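Q: Handing you this structure, nothing more for now.
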Amino acid sequence: MSDNSNADSSRTDSSPAGVWYVQTTMSDSINDSGSDIRTQMSGRQLVVLEETGHGEFRLHDCTANFTPITLNQQASQLRGAYSLTDKTATSPYSESGSLSITLDEGMMHGQYKHFDRNFDGSWDSEQTAYFEGHKVTAAETLEALSQAEIDGILGGVANRSAATVPLGATCTGIASMTTNGTIRARPTSQAVADLLRPERQPDLFVASEGGR
């Protein structure tokens with residue numbers, strides 16, 4: 001394991017900051033103007049839980065695409081939430097999210113929720129994820145691990161990753177998704193024009209009796 005120049009030397013050993021191995025399941029349900037789309041995701045990742053100072057943390061997820069949320073520590077709990085409303089947007093909307101983590105002797109389990117909807121009903125989404133894992137190292141960067149160590153822990157080739165300055169690599173993982181639902185077709189302007197165009201009448205043929 002390589003040295004970690006980005007780790008905070010003033011951090012106490014009890015800090016949850018560091019690299020964690022986390023397994024996640026996520027469900028996402030979207031209603032987009034009558035089209036219902038449901039997504040299921042399962043993944044595993046090495047992810048940095050960064051200590052940003054003043055008892056605040058950030059989880060650098062890259063498999064379920066969590067909205068970044070500042071986490072506040074209270075004993076063995078890390079919790080964070082946000083909400084916003086924009087009534088001046090082209091499609092006025094409201095959005096909210098929450099992330100909670102429980103820590104227990106080098107283990108963690110948590111839950112993430114995200115809601116997003118347009119006031120006119122044209123968009124409505126709900127995302128819920130559950131995850132659990134264990135701490136790998138107190139270093140706040142994946143660069144503290146060799147590629148062989150990362151491959152060995154993940155047990156496969158990563159298809160997700162994230163990085164940030166100045167920490168460097170903050171997440172790498174493997175995720176798979178399945179999507180199903182009912183998509184309502186939206187007619188194009190040409191299709192509408194075709195529907196409105198009068199139906200072409202068949203040519204009229206008149207038989208001649210001159211040869212009788």
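Q: Each residue of segment 138-144 in order: what ³J(HN,Hα) in whole Hz does its phi give by Karplus 6.51 cos²θ - 1.76 cosθ + 1.60, θ = phi - 60°, with x for Gly and Pro?
A: For segment 138-144, the Karplus curve yields 7, 5, 9, 7, 6, 6, 7 Hz.
Q: Around Ser35, which amide H atoms from residues at least 5 apart in sequence, or from another chain, sit under 5 Å from its own amide H, with H modelled in the peptide plane?
A: Sorted by chain and number, the residues that satisfy this are Arg184.
Q: At what distance in nm do the modelled label points of Thr182 and Ser100 sit from each other, each positioned 7 Å from its Cα along Cα→Cβ?
A: 3.4
Q: Sticking with this one: Would you mind calculating the gained length between Ala148 and Ser27 on full extension (0.36 nm times residue separation, minus the Cα-Cα distance), in nm to one decimal? Please report the intermediate quantities before stating the final value.
A: Details: separation 121, 0.36 × 121 = 43.56 nm, distance 3.13 nm.
Taking 0.36 nm per residue and subtracting the Cα distance, the gain is 40.4 nm.
Q: Provide, for q = 0.18, 0.20 Å⁻¹, the log10 of I(q)/I(0) from a solvent-free Debye sum over equal Cα point scatterers in segment 12-70.
A: Computed log10 I(q)/I(0) values: -0.73, -0.82.
Q: Separate question: In whole percent, and with a 1.4 Å probe on the protein chains, what portion of the accessible area of segment 20-142 is carbon and sulfur? Walk me through the intermediate numbers first.
A: Details: 2630 of 6010 Å².
Result for segment 20-142: 44 percent of the exposed heavy-atom area is carbon or sulfur.
Q: Using every alpha carbon pair in segment 1-151, what percent of pairs falls into each 5 Å bin from 0 up to the bin containing the largest distance?
A: 2, 9, 17, 19, 17, 13, 9, 7, 5, 2, 0
Q: Which order do the peptides 93-101, 149-157 take when ranked by the mean count of other beta-carbon atoms within 10 Å per residue, highest first? Don't jump to the answer; show the numbers that get you there.
A: On the way: 93-101: 18.0, 149-157: 12.4.
For the peptides 93-101, 149-157, the packing ranking is 93-101, 149-157.
Q: Say each of Thr128 and Thr85 gets a label point 7 Å from the Cα, pointing the same way as Cα to Cβ; how far apart are those two points in nm?
A: Those two pseudo-labels are separated by 2.5 nm.
Q: For Asn159, list long-range residues whose amide hydrogen, built 1.01 Å from N in the peptide plane, is under 5 Å from its own amide hydrogen.
A: Gly173, Ile174, Ala175
Q: What accessible area per residue, rounded to a whole number of Å², is obtained for segment 2-154 using a probe radius of 1.4 Å? Kindly include the intermediate steps, with their values, before the conclusion.
A: Values: 7790 Å² over 153 residues.
So segment 2-154 comes to 51 Å² accessible per residue, rounded to a whole number.
Q: I've got another one for you. Show me, for segment 81-96, the HN-Hα J-couplings you get by feeding each phi into the Karplus relation (A = 6.51, B = -1.76, C = 1.60, θ = phi - 60°), rounded to Hz, glycine and proline as x.
A: 7, 8, 8, 8, 9, 10, 8, 9, 5, 3, 10, x, 8, 10, 9, 8
Q: Explain nothing, just compute: Karplus ³J(HN,Hα) = 6.51 cos²θ - 1.76 cosθ + 1.60, θ = phi - 60°, for every residue of segment 115-125 in order, whole Hz, x for Gly and Pro.
A: Listing the rounded values in order: 10, 8, 8, 8, 5, 7, x, 6, 8, 8, 9 Hz.
The values are calculated or read from the model by the stated rules, or taken from the named source; none is laboratory data. Quantities reported herein were computed from a predicted structural model and do not represent experimental measurements. With ideal geometry, Cβ positions are generated from the backbone for all residues, glycine too; neighbour counts draw on all protein chains shown. Side chains included, ligands, DNA and RNA excluded: accessible areas come from the protein's heavy atoms. Shrake-Rupley method; radii C 1.70, N 1.55, O 1.52, S 1.80 Å.
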